[in-house]
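K.L.:
If you scroll down you'll find the structure; I have some questions about it.
Derivation of every value follows stated rules applied to the coordinates shown; laboratory data play no part. Computed from a predicted model, the values in this text were never measured in an experiment. Note that we place each Cβ from the backbone using ideal geometry, even for glycine, and neighbour counts take in every protein chain shown.
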Amino acid sequence: MAGVLCLLLIISCRRQNTFKIFGEVSSLYAKERSRVYLSFDNDAPIDSTTIQRGHFFFQGKYKDSLSLRTAYIDFEAGGSEPIIIEAGDITLRVPKYTSGTPLNRAFTAFRESIDSVRGAHHGRLYALRKKNAIRASGEKFLDSLYTEMQQEIAKVGLEFIAQHPEDLAGGLALAELLRNTAGTLSVKDIEPIVLKLEPIIERNEVIRTQLERFKNRSKTGHGSRFIDFEGVNLYNQRTSLSDYTGKGKYILLDFWASWCVPCRKVFPELLELEAACNPNKFQIVGVFVWDSREHLKEEYNTSPEAFPLIIDENDISTFTYGIDYLPEFILFDPEGYIIRRGLLDEKMKQLILELASK
């Protein structure tokens with residue numbers, strides 16, 4: 001009898017540590033028979049499979065330490081989806097989020113709440129645009145709408161983390177919070193949350209890296225002196241930010257990628273801005289990030305070739321300056337101190353014209 005009980009216990013433990021991932025994806029997002037990969041944090045894939053009739057499947061066992069790392073389903077054609085590894089059947093129906101197990105359901109509910117907040121914000125902007133009232137509303141009003149959205153996201157995030165202070169869902173919610181509330185929450189604001197989630201953060205590279213990125217953004221705000229980084233130019237020669245910044249000109253740093261449509265749309269505005277400014281006072285420097293140099297060769301003919309370019313394929317610049325979204329612009333004064341950062345809005349353009357126009 002003792003032997004039978006022992007065997008049942010072993011079987012029970014094995015089942016408790018077994019996970020299954022059932023995936024479903026349409027041809028709009030991934031081609032039939034293309035590869036799908038399973039990885040943890042930023043490591044190389046540990047498993048792969050192919051899409052067959054719009055479905056894919058993973059199965060495995062895990063230790064407790066593995067359940068605190070972020071799993072990712074990566075598609076050969078591009079795109080990635082985070083998954084919390086836990087015992088049971090996990091379902092991923094692209095483009096929807098994960099479901100099936102308790103923590104995945106909880107984290108999905110959180111993400112959908114954030115999406116709802118963003119959707120309401122975009123709906124208000126669309127209503128203003130439909131009435132041709134965007135410009136009439138003024139920058140201050142639009143800024144207030146954006147701040148209101150960030151505050152609502154912060155509220156949703158903090159409430160969710162309070163309910164999940166000891167599991168990976170809470171940790172991943174913190175990472176989402178840090179990505180979306182840089183203008184609302186400070187390093188001091190998040191200290192109590194970080195303390196509660198410390199055991200999870202220490203064992204999860206993705207959350208730990210996002211926390212460092214958030215802190216780096218606070219170190220590179222208004223009044224901070226530039227922090228140097230290196231890359232290469234179009235001719236594969238080493239170049240760095242210090243080649244331009246702190247040398248007597250106002251420098252506008254433009255972080256962009258070939259796949260980023262808003263980045264490409266703003267190029268004509270940049271050309272107009274540069275033409276209106278004194279070249280002895282002002283210069284635009286592009287930073288090509290989160291992209292491949294091969295794409296740059298294909299796309300650069302439609303971007304402003306007059307701008308010097310720093311190609312950074314190693315995420316050094318965006319990590320150093322705490323950048324999560326593109327495009328982003330940073331304006332430095334002639335001594336290399338940050339005056340303003342964010343989007344190239346009317347405030348930014350007006351400030352540059354006041355400082356450096358012909």
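K.L.:
Taking the convex hull of the alpha carbon atoms in segment 16-98, what volume per residue do you get, in Å³? Could the numbers behind the result be given before it?
P.N.:
Details: hull volume 6.4 nm³, N = 83.
Roughly 78 Å³ of hull volume per residue.
K.L.:
Rounded to the nearest 0.05, what FRET efficiency do Glu166 and Arg118 give with R0 = 35 Å and r taken as the Cβ-Cβ distance? Could you check? Display every interim value, and only then the final one.
P.N.:
Details: r = 28 Å, r/R0 = 0.79.
After rounding, the FRET efficiency stands at 0.80.
K.L.:
Sorted from fewest to most neighbouring beta carbons within 10 Å, what does the list Val194, Val289, Val94 look like? Can you show the working numbers first?
P.N.:
On the way: Val194 15, Val289 24, Val94 18.
So the residues, fewest neighbours to most, are Val194, Val94, Val289.
K.L.:
Still on this model: What's the magnitude of the charge dipole for the chain around its Cα centre, counting Lys and Arg as +1 and Asp and Glu as -1 at the beta-carbon? Answer in Debye, nearest 20.
P.N.:
Values: 45 positive and 49 negative charges, 137 e Å.
The dipole magnitude comes to about 660 debye.
K.L.:
Dividing the alpha-carbon radius of gyration of segment 103-219 by 2.2 N^0.38 Å (N being the number of residues), what value is obtained?
P.N.:
Working: Rg = 15.9 Å, N = 117, 2.2 N^0.38 = 13.4 Å.
Computed over Cα atoms of segment 103-219, the ratio equals 1.18.
K.L.:
Cut-off 14 Å, label point 7 angstrom out along Cα-to-Cβ of Asn280: give me the residues of segment 246-271 whose amide nitrogen falls inside.
P.N.:
Answer for this model: 248-250.
K.L.:
Running a GNM on the chain with Cα contacts under 10 Å, which residue among Ile323, Ile46, Ile338 ends up with the highest mean-square fluctuation?
P.N.:
Ile46
K.L.:
On to the next question. Give me Ser144, Ser224 ranked fewest to most by other Cβ atoms within 10 Å of their Cβ, as a rough exposure proxy.
P.N.:
Numbers: Ser144 12, Ser224 16.
Ordered by Cβ neighbours within 10 Å, fewest first: Ser144, Ser224.
K.L.:
Excluding Thr239 itself, calculate the net charge of residues whose Cβ lies under 13 Å from the Cβ of Thr239, where each Lys or Arg counts +1 and each Asp or Glu counts -1.
P.N.:
On the way: positive: Arg238; negative: Asp228, Glu230, Asp243, Asp312.
Computed value for this residue: -3.
K.L.:
Taking the number of other C-beta atoms within 10 Å as the exposure measure, put Ile251, Ile339 in order starting with the fewest. All intermediate terms of the calculation are to be shown ahead of the outcome.
P.N.:
Numbers: Ile251 22, Ile339 16.
Fewest-to-most ranking of Ile251, Ile339: Ile339, Ile251.
K.L.:
Treating cross-link reach as a plain straight distance, find the lysines whose alpha-carbon is under 18 Å from the alpha-carbon of Lys349, omitting any fewer than eight places away in the same chain.
P.N.:
Lys140, Lys249, Lys265, Lys281, Lys358
K.L.:
Another question about this same structure. In a GNM of the chain with a 10 Å cut-off on Cα contacts, which of Leu125, Leu68, Leu309 has the highest mean-square fluctuation?
P.N.:
Largest GNM mean-square fluctuation: Leu125.
K.L.:
Also, quick follow-up: Give the residue list of chymotrypsin sites (Phe, Trp or Tyr not before Pro) in segment 242-349 that are DSSP loop and have at most 13 other beta-carbon atoms within 10 angstrom.
P.N.:
Details: sites: Tyr244, Tyr250, Phe255, Trp256, Trp259, Phe282, Phe288, Trp290, Tyr300, Phe319, Tyr321, Tyr325, Phe329, Phe332, Tyr337; in loops: Tyr244, Trp259, Trp290, Tyr321, Tyr325.
Counting only loop positions with at most 13 other Cβ atoms within 10 Å, the chymotrypsin sites (Phe, Trp or Tyr not before Pro) in segment 242-349 are Tyr325.
K.L.:
Within 10 Å, at most 14 other Cβ atoms, and a DSSP state outside H, G, I, E, B define an exposed site. Report the longest part of the chain free of exposed GluC sites (Glu not before Pro). Mind dumping the intermediate values first?
P.N.:
Values: sites that count: Glu32, Glu166, Glu305, Glu313, Glu335.
Between the exposed loop sites, the longest stretch runs 167-304.
K.L.:
Could I ask something else about it? Choose one of Thr184, Ile161, Gln210: the residue whose Cα lies farthest towards the positive end of the charge dipole of segment 103-219 (beta-carbon charges +1 Lys, Arg; -1 Asp, Glu; about the Cα centre).
P.N.:
The Cα lying farthest towards the positive end belongs to Thr184.
K.L.:
Now, a different point. Please report Rg over Rh for the chain, where both radii come from the alpha carbon positions and Rh follows the Kirkwood definition.
P.N.:
On the way: Rg = 23.4 Å, Rh = 23.0 Å.
Looking at the chain, the ratio lands at 1.02.
K.L.:
Anyone know which of Lys215, Lys140, Lys196 comes out most mobile in the 10 Å Cα GNM of the chain?
P.N.:
Largest GNM mean-square fluctuation: Lys140.
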